[in-house]
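K.L.:
The structure's right below; bear with me while I get my questions together.
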Amino acid sequence: MDWEKIKKEYETTDLTLKALAEKHDVKIGTLKSRKSREGWARGPTEKDATRVKEVATPQPIIESDELNDKQKMFCLYYIKYFNATKAYQKAYGCDYFSAKAHGYKLLQKVAVKKEIDALKAQQQQSVFIDAQAVLQKYIDIAFADITDFVEFGTKESPATNENGPLEDEDGNTVMFETNYVTFKESTEVDGTIITEVKKGKDGVSVKLADKMKALEFLAKYTDLLSENDRKKLQLEKLKAETAKLEAETKQDQGDGGKVVIVNDKEAMRKAMEDDDQDN
């Protein structure tokens, strides 16, 4: 997949993410994740440019003669994300694996560490505050979709026993339908809104940042959101309230409302057997 081509097309045309996903035969969730992680951006319209100018905050200044332009950008991105890999990727425009290999090394450079310390001091003195970045992070959390992180559904698998695949009277392999859950690679998702990843007896689980808190935060600052984001906020609030009501109803009925998503074949088989016994 030529991601550089897709990124350039997004930044230089007015095609929507949905249209790009359909054009290049890629999942919309994957496209959104790439856009967020790599900071895809379009040039502001005249109206947007005016708005940005009005709400612009003071920016830190780097006067060091020991650093080149990209190293300076690395320092600025680092104090924004506090992640050497992401800062290097943003500053140098390289792929994730190259950034992971070189980001930490650059962070150890004396002149770079000195500059980052100076920038932190400016930040602590409230010389600049990236309010828009904070707002965007809450938007990312509030509008996160589970399909951005996992793929799930049903598929047909061949039935087997100790002798191998089972066949019917006509010699055809017997198939049965199973559920599956597949986690996406870490390089394909926005790890900044994942608070926990753990592996237990039921498989691997991923916990996202608190969606309800993000929705509550955004509800206080709707005037800062675009018209599209305001509509999405209303929709997400409605979905969250509906899910909460359904969970409470199930609990009242004695069901407990328990939902377990596993990514382990043996644990999935056991869960299905337990469900059969309950029935």
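Bear in mind these aren't lab numbers, they're just calculated from the coordinates by the rules spelled out. The structure presented is a predicted model; accordingly, all values stated were derived computationally and were not measured. Methodologically, a virtual Cβ is constructed for each residue, glycine included, from the backbone with ideal geometry; neighbour enumeration extends over all protein chains shown.
K.L.:
What spacing in nm lies between the two simple spin-label points modelled at GLU9 and GLN108, each 7 Å away from Cα in the Cβ direction?
P.N.:
It works out to 4.1 nm between the two label points.
K.L.:
Just to check I understand the Karplus step: with θ = phi - 60° and J = 6.51 cos²θ - 1.76 cosθ + 1.60, what whole-Hz values come out for the range 215-227, glycine and proline as x?
P.N.:
Here the 3J(HN,Hα) series is 5, 5, 5, 5, 4, 7, 10, 4, 5, 8, 8, 6, 4 Hz.
K.L.:
Order these peptides, 76-82, 215-221, by their mean beta-carbon neighbour count within 10 angstrom, highest first.
P.N.:
In descending order of packing, they fall as 76-82, 215-221.
K.L.:
Between LEU208 and LEU135, with labels modelled 7 Å along Cα→Cβ, what's the label distance in nm to one decimal, could you check?
P.N.:
Placing both labels 7 Å beyond Cα along the Cβ direction yields 2.2 nm.
K.L.:
OK, next. From the square roots a ≥ b ≥ c of the eigenvalues of the alpha-carbon gyration tensor of the range 133-221, which class results: rounded (a/c under 1.5), prolate (a/b over b/c), or oblate?
P.N.:
Judged from the Cα gyration tensor, the range 133-221 comes out prolate (a/c at least 1.5, a/b above b/c).
K.L.:
Let me ask something else. Can you grab the distance from the C-alpha centre of the range 9-27 to the C-alpha centre of the range 130-186, Å, no decimals?
P.N.:
24
K.L.:
Shifting gears a bit: Say each of ALA101 and GLU151 gets a label point 7 Å from the Cα, pointing the same way as Cα to Cβ; how far apart are those two points in nm?
P.N.:
Taking the two extended label points, one gets 2.7 nm.
K.L.:
Taking neighbour Cβ counts within 10 Å as the exposure measure, how do HIS24, HIS102 sort from fewest upward?
P.N.:
Going from sparsest to densest Cβ surroundings: HIS24, HIS102.
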